[in-house]
Amino acid sequence: MSLIQKLKIACIGAVALGVANANAFLYDDFSSGTLDPNKWFESTQTMFHDEHFVNPAEGAYHTAHLNESDRETVLMFNNYIFYPGDSLEYDMNYAGGNGNRIHIVDLDNDYRWLGQVGYWNGIEPGGNDPGLYHANVEFDNSGANLFITRPDNSEFFRRLNSSSQQHTFGFGTRTGHNGLVHMDYDNVYINPVPEPSTLVGLGIGAAGLYAPGRRRRH
Ligand SMILES: [Ca+2]
C-alpha cells in the first residue's frame, strides 16, 4: 500500500470516528500582552498570588508567589462549556518553588483540593521537577481524563469524575502556608467534537448523531 493510500485511509478513519483534528484551534497563546476577558476570568477561593497576569516577556499567563502564604490563582475558561468528546491542551512551565505549591485544575467547580504537579507535604503524582509540562484533558459524559506529560516525557494520568455532562474548566496554582512558587501557562488549544454543520460540510450527513443547535459559547 502506498503512503498516500495509507494517509487517505487514516484521514477517512479519523473523520468517521469524529476524532479529526481539523477542528482544533488555538484558544490563547497569551501573545496579546493582556488577559482577554472574553476568554478568561481569574478565580480564587482564598486570595490571589502576589503575581498573576499575562507577562509579555514570557508570552504566557504568569503566576508567582513571593511571600509564603496560603493562596490560589485559577484561570477559568469564560463562558465556555466543554461537551463529551471535546478535549483541550495547555502547557505549564514550572519554574520552581518552595514549601507547599501545586498545580491544580477545576472541573465543574471541583478538584481544586487535589494537587496534580508540585509538592504538598510530599511530591505530587504528576512530579515536582522544574520544567515544561503538557496537559491534555479529554471530556466525557461523567467527567474528564487528565493526562500530564512531564519534562522527562513520562506521563501521568488521573481520572476526574463529575456528575455533570456539560463541563466548566480551569487550571492554576495553589500555595500552602509555607509556599512559594512560579508557574506559567501557555499554548491553550481546544479540540471540539465536530458540530453538526461541520459534519454536513464534510458531506457525512451524520448530523442526527449530535444534539442540534448546541453552542459552546453563550
Ligand atoms: Ca505564548
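The values are calculated or read from the model by the stated rules, or taken from the named source; none is laboratory data. Given the structure is predicted, the values throughout are model-derived calculations rather than measurements. Counting neighbours? That spans all protein chains shown, and the Cβs are built from the backbone with ideal geometry, glycine included.
If I filter the range 23-35 down to residues being part of a strand (DSSP E or B) and buried (at least 16 other Cβ atoms within 10 Å of the Cβ), which single residue comes out as nearest to the ligand (Cβ to nearest atom)?
ASP28
State whether the residues of the range 58-67 include one that is of a type in the set (S, T, N, Q), out of contact with any Leu (no Cβ under 7 Å at 6 or more places or on another chain) and within 16 Å of the ligand (Cβ to nearest atom).
yes
Counting only residues that are of a type in the set (A, V, I, L, M, F, W, C) and over 11 Å from ASP110 (Cα atoms), which one in the range 153-168 is surrounded by the fewest Cβ atoms within 10 Å (Cβ to Cβ)?
Out of the qualifying residues, it is PHE157.
Looking at the range 36-51 only, could you name the residues that are more than 16 Å from the ligand (Cβ to nearest atom) and in contact with a strand residue (DSSP E or B) (Cβ under 8 Å, 6 or more places away or on another chain)?
PHE41, GLU42, SER43, THR44, GLN45, THR46, MET47, PHE48, HIS49, ASP50, GLU51, listed by residue number.
Which residue, of ARG174, ARG159, ARG112, is under 17 Å from the mean Cα position of the chain (by Cα), in a loop (DSSP other than H, G, I, E, B) and modelled with pLDDT of 95 or more?
ARG112
Could you give me the residue pairs with C-beta distances under 7 Å whose first residue belongs to the range 135-147 and is farther than 14 Å from PRO125 by Cβ, whose second residue is among the polar types (S, T, N, Q) and assigned to a strand (DSSP E or B) wherever it lies, and which are 6+ apart or on separate chains?
ASN136/SER87; VAL137/SER87; GLU138/SER87; GLU138/ASN145; PHE139/SER87; SER142/ASN161; GLY143/ASN161
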